[in-house]
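Beneath this line is the structure, given in structure tokens, with notes to follow.
The values are calculated or read from the model by the stated rules, or taken from the named source; none is laboratory data. Just so it is clear, the model here is predicted, and its values are computed rather than measured. Heads up, the Cβs are rebuilt from the backbone with ideal geometry, glycines too, and the neighbour counts pull from every protein chain shown. Just so you know, the surface numbers come from the protein's heavy atoms only, side chains and all, with ligands and any DNA or RNA stripped out. Shrake-Rupley method; radii C 1.70, N 1.55, O 1.52, S 1.80 Å.
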Amino acid sequence: LIHFYKRPSFTMVNIPKARNTYCARCHKHNKFKVTQYKKSAESKQAQGRRRYDRKQQGFGGQSKPILRKKAKTTKKLILRLECGVCKWKHQVPIKRTKHFELGGEKKRKGQMIQF
């Protein structure tokens, strides 16, 4: 018995730069500025970094395993929302996608293709 799984078609995810949503600090809906979350640089003082550096010192080569078999091809997108009134920020994860656009042009049905 052969099963044919429907492969997910990767489409461009287009999200507007502003969103009207609930602010937990203002206790009402406000206009939020939407940006894409970006990982900050690793801290040298973090406990894991200090432990790793201590273990690496001296002779004996690489002490901890380095992961080489990457399982995922995409990362989950995280949107960072900032309230326009009180500047309160929170993050919302959305689905995995390869192509992401912030504030791109909306697709319109039945529009003529212009060159």
Within-11-Å neighbourhood charge of Ser63 [Cβ basis; K, R +1; D, E -1]
+3
Of Gly84, Gly61, Gly104, which is the most mobile in a GNM of the chain whose springs link Cα atoms less than 10 angstrom apart?
Gly61
So which GluC sites (Glu not before Pro) in the range 22-112 end up in coil per DSSP with only 13 or fewer other C-beta atoms within 10 Å?
Glu42, Glu105
Looking only at Tyr52, Tyr22, Tyr37, which one moves most when the chain is put into a Gaussian network model with springs between Cα atoms under 10 Å?
Tyr52
Using a 1.4 Å probe on the protein heavy atoms only, what accessible surface does Arg50 show? Give it in Å² to the nearest 10.
110
When the accessible area of the chain is computed with all protein chains present and a 1.4 Å probe, what percentage of it is carbon and sulfur?
54
Dividing the helical contributions, -39500 (n - 2.57) per DSSP H run of n ≥ 4, by the residues of the chain yields a 222 nm value, nearest 500 deg cm²/dmol, of -2500 deg cm²/dmol
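Remind me, relative contact order of the chain in percent, using alpha carbon pairs under 8 angstrom and six or more residues apart?
Numbers: 131 pairs, mean separation 40.1, N = 115.
Across the chain, relative contact order equals 35 percent.
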State the antiparallel share, in %, of DSSP beta bridges confined to the chain, rounding to the nearest 5.
85
Could you report the chain's accessible area per residue, 1.4 Å probe, as an integer in Å²?
97
Heavy atoms only, probe 1.4 angstrom, no DNA, RNA or ligands counted: give me Ile66, Ile78, Ile113, Ile15 ranked by accessible area, highest first.
Ile113, Ile66, Ile78, Ile15
